[in-house]
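Asker: Okay, handing you the structure first.
The values are calculated or read from the model by the stated rules, or taken from the named source; none is laboratory data. Note that the structure is predicted; figures quoted are calculated from it, not measured. Cβ sites come from the backbone with ideal geometry, for glycine too, and all protein chains shown count toward neighbours. Surface accessibility is based on the protein's heavy atoms, side chains included, excluding ligands, DNA and RNA. Shrake-Rupley method; radii C 1.70, N 1.55, O 1.52, S 1.80 Å.
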Number of protein chains: 2
Amino acid sequence: MGERTAPSGTRADGKRRAIVRAALAEFLDAGFDVSVDRIAAAAGVSKVTVYNHFDSKENLFRAVVSGQLQGALAEVERQVEARLGDSDDVRAELVRACRSWVAALTTPDMLALRTLVAVESRRFPELGEAWLEHGPNVVFAKALTRLNDRGVLHVADVDLAVLQLAGLVLSPHLVHGRTPGKRLTDRLIVTGVDMFLGHYVRS
Amino acid sequence: MGERTAPSGTRADGKRRAIVRAALAEFLDAGFDVSVDRIAAAAGVSKVTVYNHFDSKENLFRAVVSGQLQGALAEVERQVEARLGDSDDVRAELVRACRSWVAALTTPDMLALRTLVAVESRRFPELGEAWLEHGPNVVFAKALTRLNDRGVLHVADVDLAVLQLAGLVLSPHLVHGRTPGKRLTDRLIVTGVDMFLGHYVRS
DNA sequence: CGCCAACTGTACTGACTGGTACAGTTAGTG
DNA sequence: CACTAACTGTACCAGTCAGTACAGTTGGCG
């Protein structure tokens with residue numbers, strides 16, 4: 001009693017996926033306050049079915065957003081890893097990694113997701129924590145540590161350096177409403193990496 | 001008809017101030033969705049009185065938030081101006097200005113206000129615009145321009161440089177939920193200014 | 001193929017909110 | 001001091017939404 005089990009079976013799986021897809025879109029578009037009726041309609045599903053799969057709107061939100069969060073962050077990590085270590089030119093290497101980093105975090109969906117998590121962080125503190133702990137910065141901290149170990153960088157405090165690099169190349173996309181254009185984005189990366197290396201590379 | 005005139009007189013002024021004060025606190029605490037009843041209660045005022053002064057909840061929000069926005073930004077500007085130009089040591093001068101800048105924008109109220117404006121930017125686009133146009137960055141752009149004109153800096157693109165300096169010293173406070181502690185805040189400023197000057201001061 | 005879990009649609013409850021009506025009270029100003 | 005704008009408190013309307021009840025339908029799995 002109380003804890004009903006979620007429906008299972010091929011049909012149920014399909015419905016569940018449809019609900020999650022629709023809910024994500026609706027949440028990103030209108031925030032947590034979208035009505036469950038609208039989500040159900042967008043999923044082509046009865047409202048009761050939504051409540052058969054997720055026993056409250058809050059749990060639906062948790063499942064949908066945290067799922068997307070995990071996936072997106074894994075994608076960021078994959079991209080940044082792929083761009084590191086394939087060259088001896090540190091500058092070019094770092095610029096490439098930053099391009100992937102910024103690109104992965106500035107898709108419309110990721111920006112909307114970040115805003116959503118920030119907005120609802122009081123109602124769902126766990127989501128904010130998840131963003132910070134398995135967050136994008138952690139990914140890049142590993143990258144910096146690698147460059148440090150290889151001796152090409154001399155970074156005393158990796159966490160501080162990550163904050164600085166993020167501040168230089170990424171933060172302008174996050175703090176403003178409208179995102180900088182492609183030209184400015186690239187200038188921020190190239191000039192930012194220059195500034196960063198000028199400070200942390202002692203020849 | 002339609003456009004009722006706001007109440008006037010000494011009593012009305014007091015009530016109005018109480019409403020604005022309470023509304024600001026409640027909006028910052030719980031967002032636009034706080035009930036008008038709660039605002040009225042917090043102001044020690046009847047709900048009808050609220051509607052006598054502001055003919056809709058949306059207009060109340062506009063008046064309260066934009067008023068606070070103007071005041072806070074003016075305060076930032078005043079502080080930064082006061083910290084500039086009183087020394088020949090550019091580094092110390094810039095560090096002082098950044099300290100004022102960061103301090104003025106990271107009070108709990110300012111952080112909450114920023115979040116609130118960001119959240120409701122779709123319902124109240126004007127507020128988001130106001131933040132950007134008369135925003136804190138504009139203040140600092142003037143400061144950089146002054147240092148540039150005095151010949152101590154060589155900044156080709158002031159807007160880019162402001163984004164970078166803001167990214168280095170300010171953005172860590174804005175993008176995370178929890179704000180960095182006092183020690184980290186100061187290290188961000190000092191090291192950030194170092195990095196910034198290393199790039200923009202050609203001796 | 002037949003059964004039962006899963007689904008649909010509608011209608012409902014209960015709670016809440018923005019905004020208004022109204023009748024009576026308070027207090028600043030001419 | 002008296003007049004009236006401004007204020008109070010309560011009661012009310014209309015709309016919305018999370019979540020449930022119920023009776024009937026569908027479709028996948030044993």
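Asker: Each residue of segment A:44-51 in turn: what ³J(HN,Hα) in whole Hz from Karplus with 6.51, -1.76, 1.60 and θ = phi - 60°, glycine and Pro shown as x?
Answerer: x, 9, 6, 4, 4, 4, 4, 6
Asker: Chains B and A: what accessible area do they bury, summed, in square angstrom to the nearest 100, with a 1.4 Å probe?
Answerer: Chain pair B/A: roughly 2700 Å² of buried accessible area.
Asker: Moving to a separate point now. Assigning unit charges at the beta carbon (Lys, Arg +1; Asp, Glu -1) and nothing else, what dipole magnitude in debye, to the nearest 20, does segment B:1-55 show about its Cα centre?
Answerer: 280
Asker: How many nanometers, to one decimal and shortest first, lie between the label point of B:THR145 and those of its other copies, if labels sit 7 Å from Cα toward Cβ?
Answerer: Reported distances to equivalent positions: 4.5 nm.
Asker: Keeping every protein chain present and rolling a 1.4 Å probe, give me the accessible area per residue for the protein assembly as shown in Å².
Answerer: In whole numbers, the protein assembly as shown has 51 Å² accessible per residue.
Asker: Additional query: Quick one: pull the percent of accessible area on segment A:1-80 belonging to carbon and sulfur, 1.4 Å probe, ligands and nucleic acids left out.
Answerer: On segment A:1-80, the fraction of accessible area on carbon and sulfur atoms equals 48 percent.
Asker: Which distances, shortest first and in nm, link B:SER35 to the matching position in the other copies, using label points set 7 Å out along Cα to C-beta?
Answerer: 2.0
Asker: Per DSSP H run of n ≥ 4, the term is -39500 (n - 2.57); total these for chain A, divide by its residue number, and report the mean residue ellipticity at 222 nm rounded to 500 deg cm²/dmol.
Answerer: -23500 deg cm²/dmol
Asker: Oh, and also: Using only protein heavy atoms and a 1.4 Å probe, report how much of A:THR145 is accessible, in Å² to the nearest 10.
Answerer: Accessible area of A:THR145: about 50 Å².
Asker: For segment A:103-203, restrict the atom set to alpha-carbon positions and state the Rg and Dmax in Å.
Answerer: When restricted to the Cα atoms of segment A:103-203, Rg and Dmax are 15.1, 49 Å.
Asker: Turning to a different aspect of this structure: Expressed as an acute angle from 0 to 90° and rounded to the nearest 10, what is the orientation of the C-alpha long axis of helix B:90-105 relative to the principal long axis of chain B?
Answerer: Helix B:90-105 and the main axis of chain B meet at about 20 degrees.
Asker: Turning to a different aspect of this structure: Expressed as an acute angle from 0 to 90° and rounded to the nearest 10, what is the orientation of the C-alpha long axis of helix A:57-82 relative to the principal long axis of chain A?
Answerer: 30
Asker: Output the peptides B:182-189, B:81-88, A:93-100 sorted from most to least packed, where packing is the average of other Cβ atoms within 10 Å over each peptide's residues.
Answerer: Packing proxy ranking, top to bottom: A:93-100, B:182-189, B:81-88.
Asker: Summarise the partner chain shielding of B:112-120 as one whole number: the mean count of Cβ atoms from other chains within 10 Å of each residue's Cβ.
Answerer: 2
Asker: Between copies, how close do the B:ARG17 label points come, placed 7 Å along Cα→Cβ, listed in nm from shortest?
Answerer: 6.3
Asker: Suppose every K and R has +1 on its Cβ and every D and E has -1 on its Cβ; what is the size of the dipole of the protein assembly as shown about the Cα centre, in Debye to the nearest 20?
Answerer: So the magnitude is around 520 debye.
Asker: Within straight cross-link reach of A:LYS142, meaning Cα distance under 26 Å, which lysines are found once same-chain residues fewer than 8 apart are removed?
Answerer: B:LYS182
Asker: Which value, in debye to the nearest 20, describes the size of the charge dipole of chain A about its Cα centre when Lys and Arg Cβ atoms bear +1, Asp and Glu Cβ atoms bear -1, and nothing else is charged?
Answerer: It works out to roughly 540 debye.
Asker: Over all residues in A:126-135, what is the mean tally of Cβ atoms on other chains that come within 10 Å of each residue's Cβ?
Answerer: Per-residue shielding by partner chains comes out at 1.
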